[in-house]
Amino acid sequence: MRLIKKAGIWKRFKDNGILEGEVLYKKTTMEVFPIIVPFCNKLKSINFYLVRYKDSLILIDAGMDTEDCWRSLQKILEENHYKLIDISAILLTHHHTDHIGLVNRIVCANPIPVYAHPRAIPILKRDSEYMKRRKEFFRNLYRQMGCGKFGDRQVVDLHNPILLTEDKKIECDIKVAQDLFFDFDILDIPGHAPDQIAFYNRNCKWLFSGDLLIAHMASNAFIEPNLDGVRTNSLIQQKRSLEKCLSLDVEVIFSGHGDILQNPVDIIKERIIELDKKANIYLDIIKSGISTGHDIARFRFNERYEKQFFNIISEIIGYLDYLELQGEIHKEMENGIWQYY
Ligand SMILES: [Zn+2]
C-alpha cells in the first residue's frame, strides 16, 4: 500500500498501482496534514505532521534543516489556508536532527513553545558537560568492544546519522512534554533514541511514534548514554516499546519516515519476530567462537562496518545486551575488552 497526495488529498494505492480510496485524517476535534518530504536514502522520506486540534495548530516534529523541508511545510500550510504564525506549539518525538531541523527557523519567525522529553533537553541544547560525557562514553564503549584505534578514530568525528553538531543546537527554551496535552497521551517509547516519546490520541486511535516503527525497514535502536552516562539497553527498550504499542488500540501510525501505517498490528508483530530471528544469527556467530563486538562486526559486515560504523556497532551491542539478558550468553572482561561466550 502506498499513500500519494493528489490535488491536496491523500490517496491510498495498492502495490500494483490501483487506487483504493481517499484518505483524510480528519475527525471532529483533530485533523492531520502530513508533510512527507522525499529523501534519497533508505529512509525514503522525512515525515512530520501539522495537526489541527480544535482551534489550535501544532507541529509534530520539524523535519530536517533543508530547503526541501522548509518549502514543504510552507506548501502544506498554504494549501490548508494557514500561515506559519498560526502554529502554536512544536512537539518533538526525539532529538535526532531529521526531526528537529526547522525548529530554530520556525521559532525565530514565530516564538512558540517547543516540547520534548526531559532527557532530550540537554542534547537539544548541546549542553557542554553532557556532550563531553557523551564523547567519553563512546570512547570507553568502543574500547571495551575491542574496536581499538579504529574505535578511537570514530569518536573524533563520530560518524553517525545523528551527529550532534553545535550548529544544530536548539536556541529557544524547551519545555517538558508530560501527561496529557492537546488531547494526546504522552508515552515513553525509548529504544531508537533514549528520549523517544509518542503522542497518542485514543479517540482517533492515532499514534505519532517518531521512528519506533518504519513501514519498509526495521528501525535502528541506537546505543546512547543516559544523562548520567550509563548505557541504555536500546534494543531491549525497543522491543518493550513495540510491545507497548501493540497493547494500544491504534488504527493509524504516523511514522517519521516512509509510509503512514494503517492497522499496524501485523507489522509490529513482524518486527518483534524479526528481532528474535536476528538475535539467533548473533548467537550462532558467538557460538562459532567470535567473541568481541568488533570481531562480530567485521565478520558479519566486512567493509560495510567501516562505512556505517555507528549503526553497525550499535546494532551489535544491542543484540549482545539482548542475548545476555535472555541468559543465552555471558561476558567477561579481559584486558579491558568484553569477551562474549
Ligand atoms: Zn530518529
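The values are calculated or read from the model by the stated rules, or taken from the named source; none is laboratory data. Owing to the predicted nature of the structure, the values given are computational and were not obtained by experimental measurement. Note that each Cβ is placed from the backbone with ideal geometry, even for glycine, and that neighbours are counted across all protein chains shown. What goes into the accessible areas is simple: the full protein's heavy atoms, side chains included, and nothing from ligands, DNA or RNA. Shrake-Rupley method; radii C 1.70, N 1.55, O 1.52, S 1.80 Å.
Here are the numbers for this structure:
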read-out	value
Rounded if a/c under 1.5, otherwise prolate or oblate - the range 301-341, Cα gyration tensor axes	oblate
Using θ = phi - 60° and Karplus 6.51 cos²θ - 1.76 cosθ + 1.60, couplings along the range 111-121 (whole Hz; Gly, Pro as x)	x, 10, x, 10, 10, 7, 5, x, 5, 7, 4
Distance from the range 273-319 to the range 222-245 (C-alpha centre basis), Å	18
Apportionment of accessible area to carbon and sulfur, the chain, percent (1.4 Å)	50
√(5λ) per eigenvalue of the Cα gyration tensor, the range 255-341, largest first, Å	28, 17, 11
Relative contact order (%) - the range 219-272, alpha-carbon pairs under 8 angstrom, separation at least six	24
Evaluated over the range 86-219, the Cα radius of gyration and Dmax, each in Å	16.6, 53
Hydrodynamic radius by Kirkwood, which averages 1/r over all alpha carbon pairs of the range 87-136, in angstrom	11.8
Built amide H within the under 5 Å cut-off of residue 45, gap 5+	39, 258
5 angstrom amide H check on residue 57, placed H, neighbours 5+ away	88
Per residue solvent-accessible surface (Å²) - the range 113-223, probe of 1.4 Å	41
Directionally averaged shadow of the range 46-146, computed from the convex hull of its alpha-carbon atoms, nm²	7.9
Relative contact order for the chain, counting Cα pairs under 8 Å that sit 6 or more residues apart, in percent	13
Too-long pairs where the Cα-Cα distance tops 31 Å, listed order kept, from 83/205; 75/239; 26/83; 83/132; 149/175	75/239; 83/132; 149/175
For the chain: rounded, prolate or oblate by the Cα gyration tensor [a/c cutoff 1.5]	prolate
Amide H partners (placed H, <5 Å) of residue 175, local residues excluded	114, 115, 116
Of every Cα-Cα pair in the range 143-256, the percent that sits beyond 17 Å	65
In nm, spacing of pseudo-spin labels at residue 41 and residue 269 (7 Å Cα→C-beta vector)	3.3
Extension gain (nm, one decimal) between residue 307 and residue 156, 0.36 nm per residue minus Cα-Cα	52.9 nm
